[in-house]
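Student: Below is one structure. I have some questions about it.
The values are calculated or read from the model by the stated rules, or taken from the named source; none is laboratory data. A quick note: this is a predicted structure, and the numbers were derived from the prediction, not measured. Using ideal geometry, Cβ is built from the backbone for each residue, glycine included, and neighbour counts are taken over all protein chains shown.
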Amino acid sequence: MTLIKSISGIRGTIGGRAGDNLTPRDVVDFTAAFGYWLRENGAAPKVVIGRDGRISGPMVSQLVSSTLMGLGIDVVDLGPSTTPTVEMAVPAEQAGAGIIITASHNPENWNALKFLNHKGEFISQADGQALLRLVEQGNIEYAGVKELGKYRTSQGYFAHHIEKILALPFVDADAVRKQGYKVVVDCINSTGALALPPLLEALGCEAVLLNAEPNGRFAHNPEPLPLHLQDLCRVVKEEKAALGVAVDPDVDRLALVCEDGQLFGEEYTLVAVADFILQHQPGNTVSNLSSTRALRDVTHLHGGQYFASAVGEVNVVEKMKEVNAVIGGEGNGGVIVPGLHYGRDALAGLAIFLTYLAQSNRTASELRRSYPDYYMVKDKADLRPEIDVDNLLKELEQRFSRENYSTIDGLKIDFEHGWVHLRKSNTEPIIRIYSESNSPEAAQKLANDMKTAMEDILRQEA
């Protein structure tokens, strides 16, 4: 069982002991600190909340709502929703903040609180650190009986979200409607089952839904990785569909399957969307250090500049604003469209991708073949409590000091024919090891060589 506290929120497994797992006490402590921090900083005393389809969602949502009301903060509850929908609802409601109740790609026994500012964007590192200090201090003052916050529900934000997507200059709903695409969607028994069908209907697509009951009992591991999408690939071929779509439980990541049942590659979701947007609005792009080189290649092809940020949506957004990027995101299928909102949005990514297919009159597999082939390995090493991660990365840095490397987020080493990136996970007790090269074997060798180097260093220190 696990509880992880970070600058972006709190995440853990449901049940167990307070302080070791995500228990009601931990939910209340973090919500109270966040609400109190908002009031002390003069934010509007209104918070928008929403949750994915997890079994524990209603319980956690009720705890969050009651705690905020006890601080004199009004609550607008979207109920079962998506992360990007909540992000868009915060400024629409002129709220002071938002809280998304979701553990993203983690299994069904996990849940989390993700905190948004008044813009509907994840809170900054400085704000997150202030929140953590307040949690430790525990000096919270609650409201009196006449100052309690009010509670109301709101059911209209899926429609609001879809309306804004259809109004994007990069979305041509008429062109998509003319194609009459059949699209197979793996909703992973979460809120994608509520958000994706009306979007596809608005685009004139025939939707074939898999795992469509949003009951939180995920039919398979909810992270949209190749190992978990075999049923989706099979059904796409059986249905002779134009596209397969997989999302994670909170619908901010988008993975695609071509009409031939082959994976488009989640790393290439952002690449394809960026390619289309850059054809209409030339400019800069941003992804994190663990994302494919293909985005850099496509950006340069269109005359723009590519920039890399530290891993984490808040870091990508910060860099996008700094360099005035026209598109950005993360290689895990996260697409961020500044003209819509500064958050990963699977619905927006899907609408733009379908527009690209329709206007280019190409199949998904034809589009995929137009991009350079890079192969990525996403590996990991278990992080034992006694391991000093900072020292381990410093030792690796010294070993590979003759190569081009970056230490803005863990350690990324660029070799001539590939790269490897190591960083401590913010959500799990592991070291993530991502590598990329021009063949699967070469990428795996990079990851294996780095794991061997790590083991060698740890043996020497033992």
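Student: If I140 satisfies all but one of (1) crowded, with 24+ Cβ neighbours inside 10 Å; (2) out of contact with any Ser or Thr (no Cβ under 9 Å at 6 or more places or on another chain), what's the number of the condition it fails?
Tutor: Here I140 meets the rest and fails (1).
Student: Yes or no: segment 374-391 includes at least one residue that is under 19 Å from D297 (Cα atoms), of a type in the set (F, W, Y) and not in a strand (DSSP E or B).
Tutor: Taking segment 374-391 and keeping what is under 19 Å from D297 (Cα atoms), we get 374-376.
Next, from what is left, pick out any that are of a type in the set (F, W, Y): 374-375.
With the extra rule that they be not in a strand (DSSP E or B), the set shrinks to 374.
Yes - at least one qualifying residue is present in segment 374-391.
Student: Let me ask something else. When residues of segment 333-365 are filtered for being assigned to a helix (DSSP H, G or I) and either surrounded by 20 or more Cβ atoms within 10 Å (Cβ to Cβ) or not assigned by TED's automatic domain parsing to the domain that holds E266 (or both), how many remain? Even if it seems obvious, please write down each step before you answer.
Tutor: As a first pass, look at segment 333-365 and keep what is assigned to a helix (DSSP H, G or I): 346-360, 364-365.
Going one step further and asking which of them are either surrounded by 20 or more Cβ atoms within 10 Å (Cβ to Cβ) or not assigned by TED's automatic domain parsing to the domain that holds E266 (or both), we end up with 346-358, 364.
Adding up the residues that qualify gives 14.
Student: Still on this structure, please answer the following. Tell me which residues, restricted to segment 234-265, are touching a strand residue (DSSP E or B) at 6+ places or on another chain (Cβ under 9 Å), more than 18 Å from F218 (Cβ to Cβ) and either buried (at least 24 other Cβ atoms within 10 Å of the Cβ) or not charged (D, E, K, R) (or both).
Tutor: Listed by number, the residues that qualify are V236, A241, A242, L243, L256, V257, C258, G261, L263, F264, G265.
Student: Cβ-Cβ under 7 Å, sequence separation 6+ or interchain: first residue in segment 261-285 and at negative phi, partner surrounded by fewer than 24 Cβ atoms within 10 Å (Cβ to Cβ) and among the basic types (K, R). Which pairs?
Tutor: That search, which allows pairs on different chains as well, returns F264/R368; Y268/R368.
Student: Which residue out of L210, L166, L225 is surrounded by fewer than 21 Cβ atoms within 10 Å (Cβ to Cβ) and not assigned by TED's automatic domain parsing to the domain that holds G331?
Tutor: Values: L210 fails: not assigned by TED's automatic domain parsing to the domain that holds G331; L225 fails: not assigned by TED's automatic domain parsing to the domain that holds G331.
Exactly one residue qualifies, and that residue is L166.
Student: Tell me, yes or no, whether segment 20-43 has at least one residue that is in contact with a strand residue (DSSP E or B) (Cβ under 7 Å, 6 or more places away or on another chain) and under 26 Å from L254 (Cβ atoms).
Tutor: Checked against the condition, which is being in contact with a strand residue (DSSP E or B) (Cβ under 7 Å, 6 or more places away or on another chain) and under 26 Å from L254 (Cβ atoms), segment 20-43 yields no hits at all.
Student: Residues of segment 89-103 being in a helix (DSSP H, G or I), within 23 Å of L131 (Cα to Cα) and hydrophobic (A, V, I, L, M, F, W, C), which ones? Reasoning before the result, please.
Tutor: Our first condition is that a residue be in a helix (DSSP H, G or I); within segment 89-103, this holds for 89-92.
Adding the requirement that they be within 23 Å of L131 (Cα to Cα) leaves 89-91.
Once the filter is applied, which keeps residues that are in a helix (DSSP H, G or I), within 23 Å of L131 (Cα to Cα) and hydrophobic (A, V, I, L, M, F, W, C), segment 89-103 yields A89, V90.
Student: Among the residues of segment 373-389, which ones are surrounded by 14 or more Cβ atoms within 10 Å (Cβ to Cβ) and not β-branched (V, I, T)? Break it down stepwise before answering.
Tutor: Here is the first cut: in segment 373-389, the ones surrounded by 14 or more Cβ atoms within 10 Å (Cβ to Cβ) are 374-381, 383, 387.
Once the filter is applied, which keeps residues that are surrounded by 14 or more Cβ atoms within 10 Å (Cβ to Cβ) and not β-branched (V, I, T), segment 373-389 yields Y374, Y375, M376, K378, D379, K380, A381, L383.
Student: A follow-up question, please. Just give me the residues in segment 376-417 being modelled with pLDDT of 90 or more and touching a Gly at 6+ places or on another chain (Cβ under 9 Å), in sequence order.
Tutor: Within segment 376-417, M376, L393, D409 qualify.
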